[in-house]
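**Q** Submitted below is the structure of interest, expressed as structure tokens.
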Number of protein chains: 2
Amino acid sequence: MSVANAKHRKTAPQKPFDLTAFLAASTDAVNQALDRFLPPETTAPATIHKAMRYSLFAGGKRMRPALCLAAAAACGGKQADALPLACAVECIHTYSLIHDDLPAMDDDDYRRGKLTNHKVFGEGIAVLAGDALLTQAFEIAAQCRSWPRYSHQDVILEIARASGSLQLIAGQVADLEGEGKKISADQLKYIHERKTSALLCCSVRLGGMSANCTAAQLKALTEFGYNVGLAFQIIDDILDVTQTSEQLGKTAGKDTAAQKATYPSIVGLEKSRKIAGQLTNRAFAALKIFGNRAAALHGLATFLLQRDR
Amino acid sequence: MSVANAKHRKTAPQKPFDLTAFLAASTDAVNQALDRFLPPETTAPATIHKAMRYSLFAGGKRMRPALCLAAAAACGGKQADALPLACAVECIHTYSLIHDDLPAMDDDDYRRGKLTNHKVFGEGIAVLAGDALLTQAFEIAAQCRSWPRYSHQDVILEIARASGSLQLIAGQVADLEGEGKKISADQLKYIHERKTSALLCCSVRLGGMSANCTAAQLKALTEFGYNVGLAFQIIDDILDVTQTSEQLGKTAGKDTAAQKATYPSIVGLEKSRKIAGQLTNRAFAALKIFGNRAAALHGLATFLLQRDR
């Protein structure tokens, strides 16, 4: 190869990243893996496996698994090594939605344009389907590959802590207790950090861990995940105000109806958009150390900021 | 030491095993460890940690942790190595009780002589407290020691499978679906094996694993745990018929009222007692390979068969 050729290749414009293709491929891989990991619908007791699969395959956007796979790619890892962790995170996310939708919690009839789990299977089975998906998440995660830097112990602790009473569940509790009360912007940030940011951050960290990433890479992924997670929830708040139920596939205006504090209700729509943008910029900045390999993470963060549902 | 002395010692009668002392010591160790593993009640959000601790420290008999510690002792292990797993199993057991007691499930107002979790904290928090204890179980279990024969992966898979949709949760689903229906003795056995035996068996297996037990020892513990677990649930069925609510600390006669099939209702009280005895004998037989070190397991199996609450 001539020096001129090498030089030419070096300065050739980077092919723009095809996010649509990446999302389609990652969703496909995740769906296939989830299907392999979960007992078939016909396995006894059929009801529970039907209920688990009903919500797991209800058309979720698979954003957390996509972030996990994208983080693995950013660290030079293989998709196959990240897949069990991507699936585990999606099981945790789905369980939390099933339980959040229960009458004793947010009391939602629709999710992703379909009836919620308890509306189809009854409350008892919905509680158990959530329990089963949470348990399944750990069974799937434990089947990941271990690395010199990250053991099964590290991976399980990562998931348990992000989903536990100090993070994901803490957010749900604070959310439940804050309904109808006047809460501050700081308190709302506390809820969003735990209810959304923790598991999103966990998803990208797990992706990195599946690729045996360095400590510096893990730190960058944490910074990225935290900021994208918070931006994600602020956008969710904004969409709840600005979009119709049809556009969202779930009941719009629920937050206002439930007298739930949101970013728009506390700081206004304009400032909410500005904060989401600032957070996304911070997330972009964290990606520098990955160079071109962060294209998927960069694309996902942009997509999450600009989405309309 | 003279040969005569050695001979004398060999044939001296074994000091009878003091089960009461063993149970008191194991309960004490487990309670202290659980207190260390769980966030304090004052940690935000305080509600969830209060709710988790309310049910976890509601005076449970700590039978599963005791079986775990006794199994570790049978294999020559240290209590300290078994404690995280004993605590994890108790968290799983407590979560399953909180969710089983919910109005959408068994709808129970009392448990261990105290109001059930949802009666004190409301349904939403009770669902979340169960979720948090299930998640906490994996966080605690992941902090166990790993061994050449048993890695963290093995331990997590063991717990996830015993608690998942094919075992513990399968039992609860079948139980829920069987209410008011005429079911066979075989179907009832299916429920009991999953709802009770699976986690009891898991408890003793984890105890063995914490002691780096041999494959033969693990097989013996599995046989022991399965039979003791099934006997345990049959005794539970019998006590529900023969004891008062005051004696049980929970609502007696619930099974009959809910038209739930039980061993006494299907095969009669006399035959139920006989089956429980046979299962316990099978459990005893499995203990032979452990010699005198199985004293605690032997004592616990006897106690579980003879208990009156």
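Each value in this text was obtained by applying a stated rule to the coordinates, not by laboratory testing. Since the structure is predicted, the reported quantities are computational estimates derived from the model, not experimental observations. Don't worry about glycine lacking a Cβ; one is built from the backbone with ideal geometry, like all the others, and counts go over all protein chains shown.
**Q** Please give the average number of partner chain Cβ atoms lying within 10 Å of the Cβ of each residue in B:166-176, rounded to a whole number.
**A** Working: counts 7, 1, 4, 9, 9, 1, 8, 12, 4, 1, 7.
If you average over the peptide's residues, the count of other-chain Cβ atoms is 6.
**Q** HN-Hα J couplings of the range B:163-178 from phi, Karplus 6.51/-1.76/1.60, θ = phi - 60°, integer Hz, Gly and Pro as x?
**A** Once θ is set to phi - 60°, the couplings for the range B:163-178 become 9, x, 6, 9, 10, 3, 5, 4, x, 5, 5, 5, 4, 4, 6, x Hz.
**Q** Report the local net charge at A:ILE169: Lys and Arg +1, Asp and Glu -1, summed over other residues whose C-beta lies under 10 Å from its C-beta.
**A** Details: positive: A:ARG194, A:LYS195; negative: B:ASP131.
Once all neighbours under 10 Å are counted, the net charge is +1.
**Q** Per-residue mean of other chain beta-carbon atoms within 10 angstrom of the beta-carbon, peptide B:147-157?
**A** On the way: counts 0, 0, 0, 0, 5, 9, 10, 2, 4, 10, 5.
Average per residue, whole number: 4.
**Q** If you find the alpha carbon centre of the range B:15-32 and of the range A:47-124, how far apart are they in angstrom?
**A** One Cα centre to the other: 43 Å.
**Q** Take A:VAL30, B:VAL267 and order them by how many other Cβ atoms sit within 10 Å, fewest up front. Show your work: numbers first, answer last.
**A** Working: A:VAL30 24, B:VAL267 15.
Listed from fewest to most nearby Cβ atoms, that is B:VAL267, A:VAL30.
**Q** I've got another one for you. In whole Hz and in residue order, list the ³J(HN,Hα) couplings for the range A:15-26 that follow from phi through the Karplus curve 6.51 cos²θ - 1.76 cosθ + 1.60, θ = phi - 60°; x for Gly and Pro.
**A** 5, x, 6, 8, 5, 4, 5, 4, 5, 5, 5, 6
**Q** Need one number for the range A:19-306: average projected area of the convex hull over its C-alpha atoms, nm².
**A** Result: a mean projected hull area of 13.7 nm².
**Q** Using alpha carbon coordinates only, what is the Rg to Rh ratio of the protein assembly as shown, with Rh defined as the Kirkwood radius?
**A** On the way: Rg = 26.3 Å, Rh = 25.8 Å.
Reported Rg/Rh, Kirkwood definition of Rh: 1.02.
**Q** Shortest first and in nm to one decimal, what separations exist between B:PHE303 and its copies in the other chains, measuring from label points 7 Å along the Cα-to-beta-carbon line?
**A** Label-point separations across copies, in nm and ascending: 5.6.
**Q** Okay, moving on. Averaged across the residues of A:119-130, what count of C-beta atoms belonging to other chains lies within 10 Å of each residue's C-beta?
**A** Working: counts 0, 0, 0, 2, 6, 12, 6, 2, 11, 12, 3, 5.
Partner-chain Cβ atoms within 10 Å, mean over residues of A:119-130: 5.
**Q** Now for a separate question. Once the label point is set 7 Å along the Cα-to-beta-carbon vector, what list of distances in nm do you get between A:ASP28 and its counterparts in the other copies?
**A** Between copies, matching label points for A:ASP28 lie 6.3 nm apart.
**Q** Also: Rounded to the nearest 500 deg cm²/dmol, what is the calculated helix-only ellipticity per residue at 222 nm for chain A, with -39500 (n - 2.57) per DSSP H run of length n ≥ 4? Mind showing how you got there, number by number?
**A** Values: 17 runs with 212 residues, N = 309.
Per the formula, -21500 deg cm²/dmol.
**Q** Follow-up. Between the label point of A:THR214 and that of the same position in each other copy, find the distances and list them shortest first in nm, with every label point placed 7 Å from Cα along the Cα-to-C-beta direction.
**A** Relative to the other copies, A:THR214 has label-point distances of 4.8 nm.
**Q** Provide the per-residue ³J(HN,Hα) series for the range A:88-105, in order, calculated from phi with Karplus coefficients 6.51, -1.76, 1.60 and θ = phi - 60°, each as a whole number of Hz, with x at glycine and proline positions.
**A** 3J(HN,Hα) across the range A:88-105, in whole Hz: 4, 5, 5, 4, 5, 4, 5, 4, 5, 5, 4, 6, 5, 7, 4, x, 6, 10.
**Q** Now for a separate question. Name the residue from B:LEU279, B:LEU221, B:ASN292 whose Cα lies farthest towards the positive end of the charge dipole of chain B, charges +1 on Cβ of Lys and Arg and -1 on Cβ of Asp and Glu.
**A** Positive-most Cα among the choices belongs to B:ASN292.
**Q** Right, next: May I ask which of A:LYS61/A:LYS119; A:LYS271/B:LYS119; B:LYS182/B:LYS219; B:LYS78/B:LYS195 have a Cα-Cα span longer than 31 Å here?
**A** Values: A:LYS61/A:LYS119 21 Å; A:LYS271/B:LYS119 42 Å; B:LYS182/B:LYS219 35 Å; B:LYS78/B:LYS195 29 Å.
Cα-Cα > 31 Å for A:LYS271/B:LYS119; B:LYS182/B:LYS219; rest within.
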